[in-house]
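Asks: Okay, handing you the structure first.
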């Protein structure tokens, strides 16, 4: 990935994704792809592979809709207390490297920092309790507050009305290219892709957006010439 620099004088609002950008997506990947299928297999007498295939089909059936990330919806649909299971596995919740340094630097810069997450409030609460993430930012906005997930074009005007930012002076960072594309369509001026979403997976740079592995590199400025 080619290094690049942001002109922080052009940015007032920093809009940040949570899972896969600030927090290690390993928790979510393990939860929905491994542990929940394992519990579902035991409950329904399935093989792990059969359980995983069935759940993946369920996930795809509501992908892009609010139900996709609604833990209460999944509790009802799979017959397992998904919120309680989040709490049981909260030892896997943690920051990605450099996140806390990056957030401290943003506070020093005096920028307004808002987390925009597709995550359900119950899941956000578990992650806040584990990490204290809320103490580092000005506000956390869930998709249910906005009424849409971030990859939906309708999300962004509704979010702007709720949060009150100027798109021309806003930075948005996310590991999901669909969310970045919707933000670009709306007119967010500064867009950055988080390439290292999970501590357990290699970085995956974007072909469409500028990518970083480590958020703290965004604070670096080019050395003066001469």
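Asks: Please enumerate the residues belonging to segment 123-157 that are exposed (fewer than 15 other Cβ atoms within 10 Å of the Cβ) and over 30 Å from residue 85 (Cα atoms).
Replies: Within segment 123-157, 153, 154, 157 meet the criteria.
Asks: Examine segment 78-97 for a residue that is surrounded by fewer than 20 Cβ atoms within 10 Å (Cβ to Cβ) and at pLDDT below 95, and state whether such a residue exists.
Replies: Yes.
Asks: Being within 19 Å of residue 143 (Cβ to Cβ), without any contact (Cβ under 8 Å) to a residue 40 or more places away in the chain, touching a helix residue (DSSP H, G or I) at 6+ places or on another chain (Cβ under 9 Å) and outside any helix (DSSP H, G or I) is the filter here; which residues of segment 42-88 pass it?
Replies: 62
Asks: Here is a follow-up. Restricting to segment 12-41, name every residue that is part of a loop (DSSP other than H, G, I, E, B) and surrounded by fewer than 18 Cβ atoms within 10 Å (Cβ to Cβ).
Replies: Result: 12, single match.
Asks: Being in contact with a helix residue (DSSP H, G or I) (Cβ under 8 Å, 6 or more places away or on another chain), part of a helix (DSSP H, G or I) and at negative phi: is that true of residue 191 here? Reasoning before the result, please.
Replies: Values: in contact with a helix residue (DSSP H, G or I) (Cβ under 8 Å, 6 or more places away or on another chain): yes; part of a helix (DSSP H, G or I): no; at negative phi: yes.
It is false that residue 191 is in contact with a helix residue (DSSP H, G or I) (Cβ under 8 Å, 6 or more places away or on another chain), part of a helix (DSSP H, G or I) and at negative phi.
The values are calculated or read from the model by the stated rules, or taken from the named source; none is laboratory data. Here the structure is a predicted model, which is why all the values come from computation and not from measurement. All Cβ positions, even for glycine, are placed from backbone atoms using ideal geometry, and neighbour counts span all protein chains on display.
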